[in-house]
Amino acid sequence: MKSSRVPALLAVLLAGCFAQLEDHSVSISRPLCAGAPCVPGSGANLNTALQASGYNTFKVSFGDQPLLKSSTSVGPATVSTSLLVNQAQFAMKTAGDFSAVQSLTLLRAPGMSTSGNPDPCAGVTPPCPTLAAYTQATDGTATQTLVLKGTGIDLIPLIDPTTHELIIEIRATGNAPSTALWDADASMDMALKSRANLP
Amino acid sequence: MRLRKLFAIVVTGLCFSAGAMAQTDASVPSQPAASSNTTAKASRKKSKKSSKKTARKSRKKKGNSSTATRKAVTDQPYTGTDDGEPPQLAHQAPAPGVRGKPLNVAAHATDANGVFGPVLYVRKKGMGPGDYVQLKMIASKIVPGDYAVDVPAALTNVEALEYYIEAWDMAGNGPSRAGSAEQPLFVSVEEEKKVAFPSAPTNVTIKPKGAPPAITHAALSQAIRGKPVEINARLVGDTGVQDAAVMFRHVGEKDYKALPMGNIGADDYTATIPAAMTTSDVEYYVEAFDRYGNGPARSGAPNVPYLLKLTDAGPPAVASAAAPVSVQKRVLDEEGANTIIGLGIDAGAPGGGGLTLLVRPLWWLRLNAGAAYNVGGFGFRGGITLAPGQWTVTPTLNLDAGRYLSGDVNKFVTVTDANARALLGKTTYTFATAQLGLEFGSQRWFSFYLRGGLTYVISTLSGASLTALANGNLGAGTTATLGDAKFSALAPCASLGFNIFVY
């Protein structure tokens, strides 16, 4: 074998080398309310009630996780990571249910809602990306748990690289639960895949 | 008398008539001769003496044999019209003749009166005028006017011939000549050219490919009656071993029975004489061929077999004490060389080190199994090594797989997060390795090796540990739940070590 072929062969072998971490069951969860039930209900328009109360947005803090970067270099290797949304759900923590909810969508919002800007995703360009969605007509009537189908979007580029937070906005049609105040745990199931390849 | 005279007159008339008819037919030139012969026969009684006299006189006078011929002809009466012209004679010299072979000489002669002859006069080159031999040329039955004659083979054993041709017409005009007695034509006669057959191919001795195998056998001298007797031999051949057999017979028997020997690994072969056959002393020898049929190689021989004495008690099948010491030593050495069990020790990255038991069921195949250690923890592993040779430097292909049962990766990395340390402190993984290597030394005794290749590692990380790790970094109010994660990697690996075969 010619000496020039040896480095080439080694390069080919090394180019095929990798290290990979996969976890298809990553779930994060947080309640809509920090303490007591806080989201207005009473069968009112859900979207209006959410925006009026300011609970239409909430933050999910992923923390300073080492792999939560789209691409980073570790020595000669390049680490690429994806965090894909499989599904999301709201699990009722109080009395009442989601049977009057016609649709519900989770969007990645550019900021938290305020009294002056109750809908951060309204009129922004580009539009806020959809993370997951529920439609009663196709997904069936939800009761204590409302499951939203994931769109498969990768959350990594959506997470703020500084604060490691993801702001999520809830948009809904239909009516809120019948109870005056209600609370639910919002959660997202994701698939994590991180792979390091030699350049 | 009257009838006889009348008959003679009629016959003579018929003959003349036939001769006259023949003279007008140039296509049958021999007929004039025939008619003249017939005429000669008819008048032979009257003219015989005078013809001979005339011929003799003429030959003496001219010294030319052709004159005699002509006189014989001209003595015969010619009854046709005489054109007064000799025949037209054409001749083309023949190709050189071949000694000992007839030489064909041809000519073309025509004449309105018909042609007599022609006659070929031929002699050996350089001989005298009186030495010509005359040969009457024969008319062709195909081409009118063509005449030819073969000079007999007996006359062609010379270097050259001289000849000339004379021809007359039936009226006696002539001769027309091609050449003459004084200035003959010349034709060379050559040695027969040997047909150049291709020389016989050079005998090339094709050495049979391969050679009979070498047989090393410690002859058995004693065995227990009624017990099977195992006969072993080492058969080594560059071109393989085939039809290895133990040929045995009972003492006193004439014919040997063949007992095929089976390979039991490496170059070792064995055959077992069944217990039913060990009822009395046995004579045997071992023979084998190579795959090309070279052989047989023998240990012992049909006329000098080994004697295996069978006793009612005693050691089972002992080797002959009569074998020379050097032979015994060699046998023992080679038996020792047939080591099949050994130990291997190696170290490498990232696989760690290992202590393995080696077993070599085939000379080119080694199996290994043993313990593995990578500083982080212990595990087990096994694999195969293919060594396609038994050289001082032997390339190898090594395939291993194993599992580390426990491992603390924190020994290799610095991690401050307690949850991360907990995760890395319970690392188990399974690996598979493919390596190419070079082994230096004796494959049968001790060898040192270097290997390089790829290793595939797969590990499962505990979901609980990952959950703890994630929750430790999450913001307030958010909780994470992770399932077991799968870690896999394909990485280069290298190792070095040595093997010692001890048995």
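The values are calculated or read from the model by the stated rules, or taken from the named source; none is laboratory data. As the structure is a prediction and not an experimental result, all values here were calculated from the model. Virtual Cβ from ideal backbone geometry, glycine too; neighbours counted across all protein chains shown. Keep in mind that these areas ignore ligands, DNA and RNA; they rest on the heavy atoms of the full protein, side chains included. Shrake-Rupley method; radii C 1.70, N 1.55, O 1.52, S 1.80 Å.
When A:Val26 is evaluated against the numbered criteria (1) of a type in the set (Val, Ile, Thr); (2) closer than 18 Å to A:Leu131 by Cα; (3) open to solvent by 20 Å² or more (accessible area, probe 1.4 Å), which criterion, by number, is the only one it fails?
So the condition that A:Val26 fails would be (3).
Only one residue in B:Ala93, B:Ala171, B:Ala106, B:Ala167 is in contact with a Pro (Cβ under 6 Å, 6 or more places away or on another chain) and small (Gly, Ala, Ser). Which one?
B:Ala167
Only one of (1) over 60 Å from the mean Cα position of the chain (by Cα); (2) small (Gly, Ala, Ser); (3) within 13 Å of B:Gly351 (Cβ to Cβ) is not met by B:Ala418, so which one is it?
Every condition holds for B:Ala418 apart from (3).
For A:Ser53, indicate whether it is away from chain B (no Cβ under 14 Å) and modelled with pLDDT under 90.
In short, yes.
Please state which of the following conditions A:Val147 fails to meet, knowing it meets all the rest: (1) modelled with pLDDT of 95 or more; (2) within 12 Å of A:Arg171 (Cα to Cα); (3) not hydroxyl-bearing (Ser, Thr, Tyr).
Failing condition for A:Val147: (2).
From (1) among the aliphatic types (A, V, I, L, M); (2) within 14 Å of chain B (Cβ to nearest Cβ); (3) open to solvent by 30 Å² or more (accessible area, probe 1.4 Å), pick out the condition that doesn't hold for A:Ile153.
Answer for A:Ile153: the failing condition is (2).
For the condition assigned to a loop (DSSP other than H, G, I, E, B) and surrounded by 18 or more Cβ atoms within 10 Å (Cβ to Cβ), what is the one hit in A:Phe58, A:Phe98?
A:Phe98
Select from the stretch B:231-250 the residues that are touching a Lys or Arg at 6+ places or on another chain (Cβ under 9 Å) and open to solvent by 70 Å² or more (accessible area, probe 1.4 Å) and list them in ascending order.
The answer is B:Gln242, and nothing else.
Inside the stretch B:86-127, can you point out the residues that are part of a loop (DSSP other than H, G, I, E, B), open to solvent by 50 Å² or more (accessible area, probe 1.4 Å) and touching a Ser or Thr at 6+ places or on another chain (Cβ under 9 Å)?
Of everything in the stretch B:86-127, those that are part of a loop (DSSP other than H, G, I, E, B), open to solvent by 50 Å² or more (accessible area, probe 1.4 Å) and touching a Ser or Thr at 6+ places or on another chain (Cβ under 9 Å) turn out to be B:Pro96, B:Arg99, B:Lys101, B:Pro102, B:Ala112, B:Lys125.
Restricting to strands (runs of 3 or more DSSP E) lying wholly in the stretch B:340-413: which have 2 or more residues that are open to solvent by less than 50 Å² (accessible area, probe 1.4 Å) and free of Cβ contacts under 8 Å to residues at least 60 places away in the same chain?
B:352-362, B:365-373, B:378-386, B:393-404
Any residue in the stretch B:447-457 that is open to solvent by 30 Å² or more (accessible area, probe 1.4 Å) and outside any strand (DSSP E or B)?
no
Among residues belonging to the stretch A:1-23 that are assigned to a loop (DSSP other than H, G, I, E, B) and at pLDDT 75 or above, point out the one that is surrounded by the most Cβ atoms within 10 Å (Cβ to Cβ).
A:Cys17
Could you tell me which numbered condition B:Ala434 fails, if it satisfies all but one of (1) surrounded by fewer than 19 Cβ atoms within 10 Å (Cβ to Cβ); (2) away from chain A (no Cβ under 14 Å); (3) not aromatic (Phe, Trp, Tyr)?
(2)
When the stretch B:128-168 is examined, which residues are found to be under 23 Å from B:Glu192 (Cα atoms) and either open to solvent by 70 Å² or more (accessible area, probe 1.4 Å) or hydrophobic (A, V, I, L, M, F, W, C) (or both)?
Scanning the stretch B:128-168 gives B:Ala148, B:Val149, B:Asp150, B:Val151, B:Ala153, B:Ala154, B:Leu155, B:Asn157, B:Val158, B:Glu159, B:Ala160, B:Leu161.
Of (1) over 30 Å from A:Arg30 (Cβ atoms); (2) more than 10 Å from chain A (Cβ to nearest Cβ), B:Ser465 satisfies all except one. Which?
For B:Ser465, the failing item is (1).
Give me the pairs: first residue in the stretch A:139-157 and more than 16 Å from A:Pro177 (Cα to Cα) and touching a residue at least 24 places away in the same chain (Cβ under 8 Å), second residue part of a loop (DSSP other than H, G, I, E, B) and hydrophobic (A, V, I, L, M, F, W, C), beta-carbon distance under 7 Å, and six or more apart or on different chains, which are they?
A:Ile156/A:Leu68
Keeping to the stretch B:468-503, report how many residues are more than 7 Å from chain A (Cβ to nearest Cβ), assigned to a strand (DSSP E or B) and either at pLDDT below 90 or more than 27 Å from B:Leu397 (Cβ to Cβ) (or both).
1
Scan the stretch A:167-182 for residues that are open to solvent by less than 10 Å² (accessible area, probe 1.4 Å) and out of contact with any strand residue (DSSP E or B) (no Cβ under 6 Å at 6 or more places or on another chain) and jot them down.
A:Ile170, A:Ala176, A:Pro177
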